Amino acid sequence: MSFTSLIVLLLASFGTAFLSGIFGMAGGLVLMGVLLSILPVPQAMLAHGVLQMLANGWRSFLLRKSIQKPIIIWYLIGAVIAVFLLFLIAWRPEKLLVFFLLGMVPLLVWLPTNIIHLDAQKPAHAVLAGFLVTALNTFAGVAGPALDVFFVRTHLTRHQIVATKSITQVIAHFVKIVFWGGVFFDGFTAQNSGLFFALVLAMPLSIMGTWFGSKILNRLHDKIFLQWVKVLVTLIGLIYLLRAARVFIGQ
């Protein structure tokens, strides 16, 4: 890894953790974009999983009193089903399908509640979230927009939303590390050893960014927080639809 790539990785680790520390989202998407621009896909997936699992784990520890345990239990059931299917079948979706799904799912927040009202506080919806987010996160590297659809219409406070989402993301990123770790170590090179060194330097910055972001979160109002989340979810969905269009045009 070049010195320039190392600096980019360190800055991105702090900045994206800071962003996610405020909203519990968006940071993972930005970080994945940065990593894919400086690393091969297996390395990017593994580095993303390690940094995001660390950031989300630290965030959930800071907000541990706000974690909604019933949601986590039902989410885990969906995640286990997804893990079983992921390792049972060898299917890898095309980028076009992944980007399209990641683009369309966030737009569901604009549908009237009498048509669709996804709510993580409902057991069946939490199971669906666990399945969908774990599968998308493993295939595409990020699945935050899909997860946020299940939380933006709940009656939870901003701290409860961010804390609970953080635990679900720890689970999703752990699965991604296991899933992509085999590919990474099968092709282990000196470049990979350089990545390990970079990750060791990036981890404290990820923790610091998460801590500073949590300070901003404490100053927000629940209503303002949810308004910003809805806007960010929509913007991220549109970005993914544009990426899907670029893949389609390039075919």
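The values are calculated or read from the model by the stated rules, or taken from the named source; none is laboratory data. The structure displayed is predicted, hence computed values, not measured ones. Backbone-built Cβ (ideal geometry, glycine too); neighbour counts: all protein chains shown.
Tabulated values for the structure
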item	result
In region 107-154, the residues that are more than 26 Å from L35 (Cβ to Cβ) and either at pLDDT 85 or above or aromatic (F, W, Y) (or both)	W110, D119, A120, Q121, K122, P123, A124, H125, A126, V127, L128
Subset tally (residues that are at pLDDT 80 or above and not in a helix (DSSP H, G or I)) for region 7-38	0
Filter pass, A202 being more than 14 Å from the chain's Cα centre (by Cα), crowded, with 19+ Cβ neighbours inside 10 Å and at pLDDT 85 or above	yes
Residues that are part of a helix (DSSP H, G or I) and closer than 20 Å to A124 by Cα, drawn from region 144-162	G144, P145, A146, L147, D148, V149, Q160, I161
Condition met for V83 (over 24 Å from L128 (Cβ atoms), in contact (Cβ under 8 Å) with a residue 12 or more places away in the chain and assigned to a helix (DSSP H, G or I))	no
From I77, I71, I67, residue being buried (at least 20 other Cβ atoms within 10 Å of the Cβ) and at pLDDT 90 or above	I71
